[in-house]
Structures are given as C-alpha cells and as structure tokens.
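Trainee: Here it is, the structure, as structure tokens.
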Amino acid sequence: MKTNVKRREGVVISNKMEKTVVVNVDNLIKDRLTGKIVRKRKKFYAHDESQQCDVGDYVLIEETRPLSRLKRWRVVEILRKKA
C-alpha cells in the first residue's frame, strides 16, 4: 500500500452504472467569515470491481490512476451495509 494515497469515507448514492458507484463525501469546515460550521458535499465516481455496493452503503474509497473520463477513485471496502 502506498503511503501518500488519499482516502475518503462516504455514502453510495448511485450504483446504476456497471462497475461504477457514485459516492457522496461530506466534509465539515469552519467558514472563514462567520465562524460557523458548514457542511461541504462532493461526489466522487469510484470503481467497484465486484459490484457489491448498494445505495446507502458506507464505503472507503482511495485515489488511483485515471480509469475513465470521470473515475479516479476505487472502492477499498464496504464499512457498513445499509440496514
């Protein structure tokens, strides 16, 4: 495993493509002007080779080489399945 690989945790919001899932990652940051905590959301397209991810699953993704026009991430593991 590489040491400088970016990793993110997020929720799968779509699995309608073949071997691809869309992961929504929430990030809480402090606003510079008001000082309030603001939730920033970003969508990542991740490669899911085994196609085991379902909508609502909590997954760990990591950065990889470009796999397609939009995919630069891959699913490492499913941390929590949707109940």
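The values are calculated or read from the model by the stated rules, or taken from the named source; none is laboratory data. What you are looking at is a predicted structure, and each value in this text was computed from that prediction instead of being measured. Counting neighbours? That spans all protein chains shown, and the Cβs are built from the backbone with ideal geometry, glycine included. The protein model used for the area step is the full one, side chains on, heavy atoms only, and it has no ligands, DNA or RNA in it. Shrake-Rupley method; radii C 1.70, N 1.55, O 1.52, S 1.80 Å.
Trainee: With a 1.4 Å probe and every protein chain left in place, tell me how much accessible area I37 has, in Å² to the nearest 10.
Mentor: Result for I37: roughly 120 Å² accessible.
Trainee: Just to confirm, what accessible area per residue do you get for the chain at 1.4 Å probe, in whole Å²?
Mentor: 78 Å²
Trainee: Find, among the GluC sites (Glu not before Pro) in region 1-58, those assigned to loop by DSSP (not H, G, I, E, B) with at most 10 other beta-carbon atoms within 10 angstrom.
Mentor: E18, E49
Trainee: While we're looking at this one, here's another question. Can you compute the charge dipole magnitude of the chain about its Cα centre, using +1 on each Lys and Arg Cβ and -1 on each Asp and Glu Cβ, nothing else charged? Give it in debye, rounded to the nearest 20.
Mentor: Details: 22 positive and 11 negative charges, 99 e Å.
The dipole magnitude comes to about 480 debye.
Trainee: Within the accessible area of region 35-83, what % is carbon and sulfur when the probe is 1.4 Å and the other protein chains stay in place?
Mentor: Working: 1680 of 3630 Å².
Answer for region 35-83 is 46 percent, counting heavy atoms of protein chains only.
Trainee: Right, something else. What does the charge count near D48 come to, summing +1 for each Lys or Arg and -1 for each Asp or Glu among other residues with Cβ under 13 Å from its Cβ?
Mentor: Values: positive: K16, K19, K71, R74; negative: E18, E49, D54, D57, E62, E77.
Charge balance in the 13 Å sphere: -2.
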